[in-house]
Amino acid sequence: MGAPIAQAQATDPGTQARLAATQRVDSNFIRTNGAGKTADWPSYGLDYAETRFSKLDQVNAGNVKQLGLAWSYNLESTRGVEATPLVVDGIMYVTASWSVVHAIDTRTGQKLWTFDPKVDKTKAYKGCCDVVNRGVAIYEGKVYFGAFDGRLIALDAATGKMIWEKNTVEGQKGAYSITGAPRVIKGKVVIGNSGAEYGVRGFVTAYDAKTGAQKWRWFVVPGDPSKPLEDASMAKAVKTWDPSGKYWEAGGGGTAWDSITYDPELNLMYVGTGNGSPWSHKLRSPKGGDNLYLSSIVAINPDTGKYVWHYQETPGDNWDYTATQPMILANLKIEGKSRKVIMHAPKNGFFFVIDRTNGKFISAKNFVPVNWATGYDKNGRPIEVPAARDGSKPYDAIPGPYGAHNWQSMSFNPQTGLAYFPSQHIPINLMDDKDWKFDQAAPAKPQSGTGWNTAKLLNVEQPKSKLAGRLVAWDPVAQKEAWGVDYGAPSNGGTLTTAGNLVFQGTADGRMVAYNAKSGEKLWEAPTGTGVLAAPVTYLVDGKQYVSVAVGWGGNYGIAQRHTDTLAPGTVYTFAVGGTAKMPDYVQKKADKLVQGVKYDPAKAELGTYLYVEHCLACHGVPAVNNGGTVPNLGYLDPAYIENLDKFILKGPATERGMPDFTGKLSMGDIDALKAFIQGTADAVRPK
Ligand SMILES: O=C(O)c1cc(C(=O)O)c2c(n1)C(=O)C(=O)c1cc(C(=O)O)[nH]c1-2
Ligand SMILES: [Ca+2]
């Protein structure tokens, strides 16, 4: 497609009518969409049950080989893209990096409007995992999305003009952000937040969809004990925390930064909650305790915001084992009885089936190798391996904090009875940081220079486990893998499954692939120029079925490492049977060349290592060992960059893109030490 034309067709009466079609999207529309023909994709996970199972079968295992590109659209971003595009009557609403919203006419692939919330880019380092956004919600003619800086914004779907905005984190202390997509339930827009690596207290808030007035707020963990408890659920939770850990100073965590589902019949909304802040259970709550409601699925009454029940998957979380991963609601036949369940494959490596009427545990089985628990007892408590909690020695956590499965969407196909999701392992070695103090920046404490507050030292020893990535087709009744596909890399994309007996998934190595949903046979693939994180969607326009995916490498892993040789901007690809559009041209990444010849004092390399871990590691990765993702690896730069490192570190050009400014934090001597570490490491790994 050529250059996008701003507002190009917004005045065309046909397009106006289609934009107005979003007026029809209400709770009933979203609810019945999955049950109906699914011509549209009106909500994050398709419908409230978030099955991502489309009943469309025009594209099927028989003809998927004929899929070709219908159009591609440049999202004009260079960072991670994690959005599920929503499509109503052929108009697509999708977010790019930095929470920029695009409305696209899928009939032409042309831009209708964009809305840039103008997030202050200099604050990007206040989020853990890249400036990503997982998409919008549509409801009665409006488009809702969370901006990275914590605002919830309502736009007119037809024009892209702002109707209202709310700062959802106003008055709270700590580095909050939003990356997740809102959901709209019975006229209320529900949104959580992020920041449990930076010392925040998680909560979920509902706003009136029309006016933006706050309707309710539910906190995930108890707060400052000098203030009254908010509700009965907090009175229950507070007993599971040890106040000698002063957990409220570090926020406690539990941020609900991604998954929210809803069962209209039970009138229950389900929220997946996040990890503890800090990560270390001992430091957060020295006498132990489950630390409710961390790493849990919590059922909430959407009308009142009142807690109804919870099931905690990782009691006393100690490893960043969030339970924010996508939930799927379905009815499964278990031991001869139809059960209303939630399926969940969170970071901790177990696949859960729980009863969504009451939160009772049904079953759990590990879908990857794990070393923190041997299984779950009949009451749904993990049987832990004691060494996993020891903390005094370096421990190769499996799964690691990146999770055995992260936010990448899962889908469930009732025709095959299988759930499809990407599993992974990203090796990290953890040890408790005994000298940790909240908000203390200090050399060798990972990312403490950015407010990172996990109370864990990372990779004190080289992890012995290896990188892994796999597409898993899981039988939730038998609790075993039906089939799987190994990938060379972790952080592969979310999945879509269809009545055409297909599973679609994008990969970290830059492909969009279709598999036979029953057998796992690969049927089709197309290059995407860069790694894929987000899940594909499918919909009908004028009677024809399309498959779209929003692509853009990044996120928590992709910020520092990549698995493609080409680079492409954030792009939406749309495929159809018989599509003949030309793929865009990609820039071939220059061959990685180790930095060479920067003069340095080897005696300073040790201090440089400590400072690098404190300030640079999470985004830039290990110099000359990782290869750079959306942020460059410093081991492969032109020597002039490293020689002039102070010009980049002190009020440098990258502060505009979210790199912290180290003025007043790093001296010229410190910067010389960083140079010694970077050049020294490059020299050490250079083949002799
Ligand atoms: O604790 C939090 O608040 C929080 C937030 C986010 C986020 O908002 O993206 C992530 C995580 N944690 C996290 O642990 C994690 O692994 C992660 C991966 C990603 C991503 O987008 O690739 N985000 C997040
Ligand atoms: Ca986290």
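Here are the numbers:
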read-out	value
Computed E for Ala235/Glu140 - FRET, C-beta separation, R0 30 angstrom, nearest 0.05	0.25
Potential lengthening between Lys340 and Ala20 on full extension [0.36 nm per residue; Cα-Cα distance subtracted]	111.7 nm
Area of Thr114 that stays accessible when all protein chains are in place (1.4 Å probe, Å², to 10)	60
Per residue value of the accessible surface for the stretch 13-577 (all protein chains in place, 1.4 Å probe), Å²	31
Label point at Gln415 placed 7 Å out along Cα→Cβ; residues across the stretch 577-606 whose backbone nitrogen lies under 18 Å	577
Centre separation in Å (Cα based) which lies between the stretch 220-276 and the stretch 616-672	37
Karplus (6.51, -1.76, 1.60) ³J(HN,Hα), θ = phi - 60°, over the stretch 189-197, in Hz, Gly and Pro reported as x	8, 10, 8, x, 7, 10, x, 6, 8
Set of the stretch 33-76 residues, backbone N closer than 20 Å to the point 7 Å along the Cα-Cβ line of Lys522	60-69
Stretchable slack from Ala441 to Val587, in nm (0.36 nm times residue separation minus alpha-carbon distance)	48.7 nm
Sequence-separation-based contact order of the stretch 13-577, relative, with Cα cut under 8 Å and 6+ spacing, percent	15
The stretch 91-119-the stretch 539-581 distance, computed between alpha-carbon centres (Å)	14
Per-residue HN-Hα couplings for the stretch 314-326 [Karplus 6.51, -1.76, 1.60; θ = phi - 60°; Hz; x = Gly/Pro]	10, x, x, 3, 9, 9, 6, 7, 5, 10, 7, 5, x
The stretch 602-685: proportion of alpha-carbon pairs further apart than 18 angstrom, %	35
Out-of-range pairs (alpha-carbon distance over 19 Å; input Lys55/Lys360; Lys464/Lys590; Lys126/Lys466; Lys464/Lys675; Lys118/Lys166; Lys647/Lys675)	Lys55/Lys360; Lys464/Lys590; Lys126/Lys466; Lys464/Lys675
Of all accessible heavy-atom area on the chain, the percent that carbon and sulfur account for (1.4 Å)	54
Average accessible surface area per residue within the stretch 602-685, 1.4 Å rolling probe, Å²	44
Projected label distance in nm at Asp12 and Asp565, using a 7 Å step from Cα toward the beta-carbon	4.0
P(r) histogram, all alpha-carbon pairs of the stretch 81-215 included - 5 Å bins from 0, percent	2, 11, 22, 24, 20, 12, 6, 2, 1, 0
Area of Arg134 that stays accessible when all protein chains are in place (1.4 Å probe, Å², to 10)	10
Length added when fully stretched, Asp601-Ala213, from 0.36 nm per residue minus Cα-Cα	133.8 nm
Kirkwood-type radius of the chain, with distances r between different C-alpha atoms, in Å	25.2
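The values are calculated or read from the model by the stated rules, or taken from the named source; none is laboratory data. Keep in mind that what you see is a predicted model, and the values were worked out from it rather than measured. In this analysis, Cβ positions are derived from the backbone assuming ideal geometry, glycine residues included, and neighbour counts consider all displayed protein chains. Surface accessibility is based on the protein's heavy atoms, side chains included, excluding ligands, DNA and RNA. Shrake-Rupley method; radii C 1.70, N 1.55, O 1.52, S 1.80 Å.
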